[in-house]
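Report on the structure given below.
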Amino acid sequence: MPDNLNHSKSYSKQEKPSVKDTNDDAIDLDDVLPKIGEFGIYQKFLLWFVCLPACLPCGFCAFNQLFMTDTPDHWCKVPELQNVTEMNRKILSIPRKADNSTFEKCLRYSVNWTDLLQNGKLFEANESWPVEPCLDGYEYDKNEVKSSIVIDFDLVCEYDVYPTLGLVALNVGGPIGVYSFGLLNDRIGRKKSFFACLSTLLLGSMMTAYAHEYWFWVLARVIVGLTIPAVYQIPFIISLELAGPNYRSFVTVMTCIFYTLGLILLSGVTYVLRDWRSLALATSVPFFFYYLYWFILPESPRWLLMRERLEEANNILKTIARINGKELPEEYTTKLQKQVLEQKEHGIKEKKSASVFALCRTPNMRLKTILITLNWCASEMVYVGLSYYGPAIGGNQYMSFFLSSAVEIPSYVVCWFLMDRVGRRWPLCLSMVISGIFCIVTVLLPEDAETETLILFLISKCFISASFLIIYPYAGELYPTELRGIGIGTSAYIGGLGLIIIPFINYLGTSNLVLPLVLMGAVSVVGGITALRLPETLHCPLPQTAEEGEEFGKDWTYRDCLACGGQSVSESDSYENLDQLELTQAPSVEDILPDLQPVRRNSMKKLVRQASTVETQRDKDGTLKMAYWF
């Protein structure tokens, strides 16, 4: 980062702030990080060897259930015919469907097989025989699916909805867990809450592997669901808090990419391990090694400062500076000490937390909240729904899941490039609408067009992945600072609750393969079209107060739908240059950039850089908050 002296030339006509005024300001670690290294050796080591590997448990344990619940071809069991070959058993005891192409799965002929065998009358089935349900259990074709909970617990026919209920149980645990571990995150610190989350995940996974009753297995999945996605959000938050503002978008995108790489790895593991208990163990036991992170993973300095643990925070900052080849300026240590002493002497003034009703008090803010939540819910439901549905598309479920995961990576890279050039609104709209259209088009294909259906599905998955990357920072920019935490939390939780519905939509695919795709496509198209009503945020000063949030985008017109990109920013007025102002706390923005006339408080001293908007979901003390997003 350029030397601060270079910036003083730009303000030669301005009166420089006194040292006393500067020192009276509260310390901000975003001011300290450029001094000790925004993304030096320490942060790179933490990202590549701790936080990115921490994505694996979440992806593994969220999607391994899809392969635990494989449903093979099955038919009614007839104990008296067990000495007959499998094909002959089916021909003799199982009626054919109306089209005469396949056998019934849940019906058998109701005859006295013992009498027929004893009297030598067994020759061929008679279609006039009465039928009955499977009274003696089921037989399964184990050529491809050798083991699953469906086979072990006989979850077919009238019980075929039970695997779907297992996915519902997993998704019910998610919002509860994120809220619970979010509280732990703030009370006992990021480090301890991560290991509490990891322990909960491993407990649920062990219970899953050794479950011998269906409802015990469901309980285990609820416990696993409590940790998704909190198990990787916590180290991700630590990475964001330790990385400088200029690198937080990079950290976010790399987290998404590594999460996807974990899903690709899972497709290989599931292909090799066809036993569901072995799969549950293989996708959890290796993570016991993550307890070694106790000696590597640091506590968040922001959280330590919030808890007035100055010495520990100062030691971590010195360690970061030393490993990065920098030196922590003494004035920051002095400033930290002064701040903590003042807090102890005068106490911390608690600000009243914003209420969710504050999002709906004014008409423009209420409309934006509804639209953000609708888009978040639609994007999350379709993304997760398509991820769940991947193994059902195509002839090979393992290859289909692999491809459905792999197509996410190019979408993340392209989306990252477009967001800071084209804007947020149009990429969000187009990605959701295109994804939805390709989903809906599958209804036009014949039933036996497996390859064509898979191609359309993969294109749809690629585009919806891009929208899911956009929605989080876009929502952070649309909500004003004082309502950002409660706003993102509300939208994310409603989106998370939508995941409870998704397994039931996918369940419809047992009778019609493309029906779930059509429904999810319709949701995606509706969500994408409504995104055009949101204001563009690229290069726009972000609202700080609820009043500014109400004014932002209030003058929207239909002509704005055609606008692409945001306000132009000249080279001299770029956000990169404005970033440097944070270190010197120069005079007000209006004095420095008279051409920019944003709606801001007069007391505000910084502009928020667009590239680091993912950091904006902060509490009043500056610490990042957890939100439910995959």
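The values are calculated or read from the model by the stated rules, or taken from the named source; none is laboratory data. Predicted, not measured: the structure shown is a model, and the values here were computed from it. FYI the Cβ positions are ideal-geometry reconstructions off the backbone, even for glycines, and counts take in every protein chain you see. Ligands, DNA and RNA are stripped out before the accessible areas are found, and what is left, the full protein with its side chains, is counted by its heavy atoms. Shrake-Rupley method; radii C 1.70, N 1.55, O 1.52, S 1.80 Å.
With 22 Å as the limit on Cα-Cα distance, the pairs of 105/461; 368/461; 192/335; 77/105; 44/326 that go past it are 105/461; 368/461; 192/335. Taking θ as phi - 60° and the Karplus parameters 6.51, -1.76 and 1.60, the scalar couplings of region 448-458 work out to 8, 8, 5, 5, 5, 4, 5, 5, 4, 4, 5 Hz in sequence order, x denoting glycine and proline. Distance between the C-alpha centres of region 458-515 and region 107-166: 40 Å, rounded to the whole angstrom.
Once the other residues with Cβ under 10 Å from the Cβ of residue 364 are scored (Lys, Arg +1; Asp, Glu -1), what is the net sum? Surrounding charge for residue 364 is 0. Amide H to amide H distances under 5 Å link residue 107 with 76, where only residues 5 or more positions off or on other chains count and H is placed in the peptide plane. Rolling a 1.4 Å probe over the protein heavy atoms of region 462-531, with every protein chain left in place, gives an accessible area that is 81 percent carbon and sulfur.
Other residues within the sphere of radius under 15 Å centred on the Cβ of residue 195, judged by their own Cβ, net out at +3 (K and R +1, D and E -1).
A cut-off of 5 Å between modelled amide H atoms, ignoring neighbours fewer than 5 places along the same chain, links residue 140 with no other residue.
Here r is the Cβ-Cβ distance between residue 136 and residue 96 and R0 is 22 Å; the resulting FRET efficiency, rounded to 0.05, is 0.65. Among the trypsin sites (Lys or Arg not before Pro) in region 42-134, those placed in a DSSP loop whose Cβ has at most 12 other Cβ atoms within 10 Å are 97, 121. When each of the peptides 380-393, 129-142 is scored by the mean number of other C-beta atoms lying within 10 Å of its residues, the order from highest to lowest reads 380-393, 129-142. Highest-first packing order for the peptide set 368-374, 426-432 is 426-432, 368-374, based on the mean count of other beta carbon atoms within 10 Å.
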